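For reference, the structure is listed below as structure tokens.
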Amino acid sequence: MPLETPEQIKARAEAAVPGAQLSVVKNDSPCAQHSLLVDVEHAYAVAQFLRDDPQLRLDYCSNVTGVDFLDAELSEKVKVKKVVDGVEKEVEEVKKTKRAGYLEAVYHLYSMSLKHGPVILRQRTPGRADPVRVTSLTPLWRSCEFQEREVFDLYGVLFDGHPDLRRILMWDGFKDYPMRKDYVEPDDYEYEPTPHDDVLEKAKAHQAAQEVKA
Amino acid sequence: MDPTAPVDGTQFMTFHDLAYDAGKTDFQRKAQSVGQGREGELLEVAMGPQHPSTHGVFRMDVVLDGETVVKLKPVFGYLHRNHEKIAENTSYLGSMPYTDRLDYFCSLTNNWAYALSVEKLAGLQVPERAEYIRLITAELTRVLNHTCLAGFLLQDMGALGTPLMYAFREREKILDLIESLTGARMMCNYMRFGGCRCDLPPGWLDAAKKVVAEYPRFLDEFETLLSGNEILMARTQGVGKLSAELAISAAITGPMLRASGVDYDLRKVDNYGIYSRYPFRVPLGDHGDVYDRYMIRMLEMRESLKILEPALKDIPEGPVVDPKAKLRGFRPKAGEAYGRIETPKGELGFYLISDGSPNPYRYRVRPPSLINLTILEDMCLGQTVADAIVTLGSVDIVLGEVDR
């Protein structure tokens, strides 16, 4: 039996989980892997529905990852009717809208028992200002344990309900989140000043920059 | 723990994170309170990162009660170079050579996974001959990976030298083939979007046929030496058991999953490439222990050879790269794609988001080695240290892929 379309899954999930707000995020690439955007409050219940529903049985959460979207100005071409020189014409205008940045946690779900997939589930944070929180799905799929830790480590997304949220790839004392699009590398990770004047000057500038950043 | 409680990423759990909190808390005091009811004092040991049995720079923080493992936490990141960030700052083709460095034993399957994902993203076609070359090189890679893994596993068990050297002798024959095809033994950089980089050199098919024809004889010899060996059976049977339910929940893939009896092979499920043309069987284990994982790999090699034999005869003439595929100035339309293939280690996936620019907006590697380590602790608890090492050996990790 082929997998239901994202619209069908959305309708059934909204019926099964009262109050859940889902929407389908279209994907324009030829593979057409559309995804389901779920609100953070109901993510756990919706994910549980996806896992336990007998028609879906998405028991295998293959891939968990984060995506960072900066604040952006979206330009859209809109056809507007205008009166030019006394004649009504259709004119193309560029409409600009501002979009606030956000972070996403993306889950690729498959079914090992029914051998179908993927169903892509996304959770979106309201903004990019720390702390950003989404719901952890580790209690449902054990495979999220390390991957959510990785998203926290590299993107700074906090997963509520994760049993063991620590840095995984970067070292424990590391401050920033390197996969964010606005991440700026420190000029030297292991800078140790030596007692010479020009070096001390450089050290001062370096430390000042660090303090501003912190 | 309450699953709805808010976390801030800095709090530590009770006992099992003590190794990380050792500088701040009185480790001995806490360890003793947890160890009540045990006979001896608990001992914390950091195995690795420079330990020969951890297959690279990998650390296991273990808490031991005598010789029994009470707690085990894998620690990695020593080889972390933020592969994903580097790939997001370069062109699509620019990170093709860098995928070789993920799982440096199987660079050809890494190349294929990446090429397949980009082809999904951009909707590219692959010519017939290139599909055959991809299948042949991927199956050769599977054979060489599994051969070496058997050697490493035996090395971890204390069979110093002999099985590993036998395995490396055979690996060298396949590496010679790969070198004459791609110019490099391990860092192949061979696949391209819509095909492969270059055609087969003259005489390559005959040389490959010879290697494939001779391989079953080596496997027979290897298995006579190992599979029925009393020491190997005593060291591996019933060790590192993994149930099918936990394996599915933890997204274990590859031979480890199938050793637990779950029939899930992407070559059958996704039917990528031209795998549907060649009948092969998917070996399944029924105990989920280290011996099953070893045996699954042995059987998979024989199935791979069954695919290779007819594929080397059937390969058609033709172009090896789609003439319409544009390598310079390659800009896929905005969109996203997740592509995955069955590599020798498990499911290797690439998740790509394009915003229409020459660089991927998001480039994510789904590393099978890292995710297969999720349940390392579950498999090792209650076993001795020596068994934990054998269990780790049977997971088949490459740290270049774990850390990325």
So which residues in the range B:100-118 are surrounded by fewer than 24 Cβ atoms within 10 Å (Cβ to Cβ) and either under 23 Å from A:Asn27 (Cβ atoms) or touching a Lys or Arg at 6+ places or on another chain (Cβ under 7 Å) (or both)?
none
Identify the single condition in (1) crowded, with 19+ Cβ neighbours inside 10 Å; (2) without any contact (Cβ under 8 Å) to a residue 24 or more places away in the chain; (3) within 29 Å of A:Asp130 (Cβ to Cβ) that A:Ser62 does not satisfy, given that it satisfies every other one.
(2)
Starting from residues that are in contact (Cβ under 8 Å) with a residue 40 or more places away in the chain and among the basic types (Lys, Arg), keep the ones in the range B:68-90 and report whichever is nearest to B:Ala122 (Cα to Cα).
B:Arg81
For the subset of the range A:136-154 comprising residues that are more than 15 Å from A:Lys175 (Cα to Cα) and in contact with a strand residue (DSSP E or B) (Cβ under 6 Å, 6 or more places away or on another chain), which member is farthest from the other protein chains (Cβ to nearest Cβ)?
A:Glu148
So, in the range A:166-187, of the ones that are touching a residue at least 24 places away in the same chain (Cβ under 8 Å) and within 9 Å of another protein chain (Cβ to nearest Cβ), which residue ends up nearest to B:Tyr78 (Cα to Cα)?
A:Pro178
Just a yes or no: is a residue in the range A:43-54 part of a strand (DSSP E or B) and in contact with a strand residue (DSSP E or B) (Cβ under 9 Å, 6 or more places away or on another chain)?
no
Are any of the residues in the range A:127-135 polar (S, T, N, Q) and either under 20 Å from A:Arg180 (Cβ atoms) or within 7 Å of another protein chain (Cβ to nearest Cβ) (or both)?
no
Tally of residues being surrounded by 12 or more Cβ atoms within 10 Å (Cβ to Cβ) and part of a strand (DSSP E or B) across the range A:94-114:
10
Name every residue in the range B:232-255 that is within 30 Å of B:Leu135 (Cβ to Cβ), in contact (Cβ under 8 Å) with a residue 40 or more places away in the chain and within 13 Å of another protein chain (Cβ to nearest Cβ), in order of residue number.
B:Leu242, B:Ala244, B:Ala247, B:Ala250, B:Ala251, B:Ile252, B:Thr253, B:Gly254
Flagged in the range A:48-61 as more than 12 Å from every other protein chain (Cβ to nearest Cβ) and not acidic (Asp, Glu), in numbering order, are A:Phe49, A:Leu50, A:Pro54, A:Gln55, A:Leu56
Report whether or not A:Leu140 is free of Cβ contacts under 8 Å to residues at least 40 places away in the same chain, touching a Lys or Arg at 6+ places or on another chain (Cβ under 8 Å) and either small (Gly, Ala, Ser) or in the same structural domain as A:Val38 (by TED's automatic domain parsing) (or both).
no
State which residue is surrounded by the fewest Cβ atoms within 10 Å (Cβ to Cβ) when the search covers only the range B:381-401 and only residues that are among the hydrophobic types (A, V, I, L, M, F, W, C) and in contact with a strand residue (DSSP E or B) (Cβ under 9 Å, 6 or more places away or on another chain).
B:Leu381
Yes or no: the range A:88-111 includes at least one residue that is among the β-branched types (Val, Ile, Thr) and within 14 Å of another protein chain (Cβ to nearest Cβ).
yes
Is it the case that B:Ile341 is closer than 18 Å to B:Phe193 by Cβ, modelled with pLDDT of 90 or more and surrounded by 17 or more Cβ atoms within 10 Å (Cβ to Cβ)?
yes
Tell me, yes or no, whether the range B:284-306 has at least one residue that is surrounded by fewer than 22 Cβ atoms within 10 Å (Cβ to Cβ), at positive phi and more than 14 Å from chain A (Cβ to nearest Cβ).
no
Restricting to the range B:64-86, and then to whatever is over 20 Å from the mean Cα position of the chain (by Cα) and among the β-branched types (Val, Ile, Thr), can you tell me which residue is nearest to the other protein chains (Cβ to nearest Cβ)?
B:Ile86
Could you run through the range B:364-404 and say how many residues are over 18 Å from B:Gly66 (Cα atoms), in contact with a Gly (Cβ under 9 Å, 6 or more places away or on another chain) and more than 14 Å from chain A (Cβ to nearest Cβ)?
6
Here are some residues: B:Gly382, B:Gly400, B:Gly393. Which one is in a loop (DSSP other than H, G, I, E, B), in contact (Cβ under 8 Å) with a residue 24 or more places away in the chain and out of contact with any His (no Cβ under 6 Å at 6 or more places or on another chain)?
B:Gly382
Restricting the range A:155-165 to residues that are at the interface with another protein chain (Cβ under 7 Å from one of its Cβ atoms) and assigned to a loop (DSSP other than H, G, I, E, B), the one surrounded by the fewest Cβ atoms within 10 Å (Cβ to Cβ) turns out to be A:Pro163
Among A:Val78, A:Val83, A:Val64, which is the only one that is within 14 Å of chain B (Cβ to nearest Cβ), of a type in the set (Val, Ile, Thr) and either within 19 Å of B:Ile353 (Cα to Cα) or assigned to a strand (DSSP E or B) (or both)?
A:Val64
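Results for (1) in contact with a strand residue (DSSP E or B) (Cβ under 6 Å, 6 or more places away or on another chain); (2) free of Cβ contacts under 8 Å to residues at least 24 places away in the same chain; (3) within 23 Å of B:Met298 (Cβ to Cβ); (4) aromatic (Phe, Trp, Tyr), shown as yes or no for each residue.
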residue	(1), (2), (3), (4)
B:Tyr92	no, no, no, yes
B:Tyr98	no, yes, no, yes
B:Leu121	yes, no, no, no
B:Val143	no, no, yes, no
Output the residue which, of all residues in the range A:14-39 that are in a helix (DSSP H, G or I) and surrounded by fewer than 16 Cβ atoms within 10 Å (Cβ to Cβ), is nearest to the other protein chains (Cβ to nearest Cβ).
A:Ala16
Considering residues of the range B:257-276 that are within 13 Å of another protein chain (Cβ to nearest Cβ) and under 16 Å from the mean Cα position of the chain (by Cα) only, the residue nearest to B:Ile315 (Cα to Cα):
B:Arg267
Against the definition (touching a Cys at 6+ places or on another chain (Cβ under 7 Å), of a type in the set (A, V, I, L, M, F, W, C) and crowded, with 24+ Cβ neighbours inside 10 Å), how does B:Leu144 come out, yes or no?
no
Give B:Leu102, B:Leu108 a once-over and let me know the one that is part of a loop (DSSP other than H, G, I, E, B) and within 28 Å of B:Asn359 (Cβ to Cβ).
B:Leu102
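The values are calculated or read from the model by the stated rules, or taken from the named source; none is laboratory data. Quantities reported herein were computed from a predicted structural model and do not represent experimental measurements. A quick note on method: Cβ atoms are made from the backbone with ideal geometry, for glycine too, and the neighbour counts reach across all protein chains shown.
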